[in-house]
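The values are calculated or read from the model by the stated rules, or taken from the named source; none is laboratory data. The model shown is predicted, which means the values in this text are computed figures rather than measured ones. Glycine also receives a Cβ, built like all others from the backbone with ideal geometry; neighbour counts cover every protein chain displayed. Accessible surface areas use protein heavy atoms only, side chains included; no ligands, DNA or RNA. Shrake-Rupley method; radii C 1.70, N 1.55, O 1.52, S 1.80 Å.
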Amino acid sequence: MNARFEHIDPRALRDACGAFATGVTVISTRTEEGDHGMTANAFMSVSLDPPMIAISLDHKSKLLDKVRASGRYAVSILSDEMEKLAMHFAGRFDPDHADPFEELDGLPVVPGAASVFVCDVAQDVEAGDHVVFIGQVTRLERASGARPLLFHGGKFGGLAD
């Protein structure tokens, strides 16, 4: 480890990053084993021309090897009515969401999401304890008027009226 960074406590870094409000997504992919998804807020746009987005997955994530095997992923930006679905994909199984996906261009996506992006992996970049997947967007859909689910300080919320 670089001595310059030894004084940065990982929990303090996580808490400091938690001061930044983000949207909430479900990242999903399909392999021979079936459909897979997880809740994440490590998502961003990268380029408008060509259209590219990025996600970041922890090396310990079960989804990491599945995205690598598939070479494709989808990002569903959750609406403010989807907190229970977000918790389901964060590991708190909810029988109401036992079959949570519909298909878009061969990938599982969340029906009713505020926006959905289908991507081919263009590049993966090792970044510390994560891998950043830059995806070429091949399809997108947007529900106009949908309000996003937000995450801030360890809690879900929504936009103020």
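A few points about this structure:
- Search result, residues across segment 70-85 that are open to solvent by 10 Å² or more (accessible area, probe 1.4 Å), under 21 Å from MET52 (Cβ atoms) and not β-branched (Val, Ile, Thr): SER70, GLY71, ARG72
- Boolean, SER56 is open to solvent by 40 Å² or more (accessible area, probe 1.4 Å) and closer than 17 Å to ILE134 by Cβ: no
- Matching residues, segment 82-97, being free of Cβ contacts under 8 Å to residues at least 40 places away in the same chain and out of contact with any Asp or Glu (no Cβ under 7 Å at 6 or more places or on another chain): GLY91, ARG92, PHE93, ASP94, PRO95, ASP96, HIS97
- Only listed residue being acidic (Asp, Glu) and part of a strand (DSSP E or B), chosen from ASP15, ASP35, ASP65, ASP49: ASP35
- Just one of the listed residues (SER79, SER61) is among the small types (Gly, Ala, Ser) and touching a residue at least 40 places away in the same chain (Cβ under 8 Å), and it is SER79.
- Subset of segment 18-32 [of a type outside the set (Gly, Ala, Ser) and either exposed (fewer than 11 other Cβ atoms within 10 Å of the Cβ) or assigned to a strand (DSSP E or B) (or both)]: PHE20, THR22, THR25, VAL26, ILE27, THR29, ARG30, THR31, GLU32
- Consider segment 86-130 and keep the residues that are in contact with a strand residue (DSSP E or B) (Cβ under 7 Å, 6 or more places away or on another chain) and in a helix (DSSP H, G or I). The one that is least open to solvent (accessible area, probe 1.4 Å) is ALA86.
- All positions within segment 131-161 that are open to solvent by 60 Å² or more (accessible area, probe 1.4 Å), assigned to a strand (DSSP E or B) and not basic (Lys, Arg): THR138, LEU140, GLU141, PHE151, HIS152
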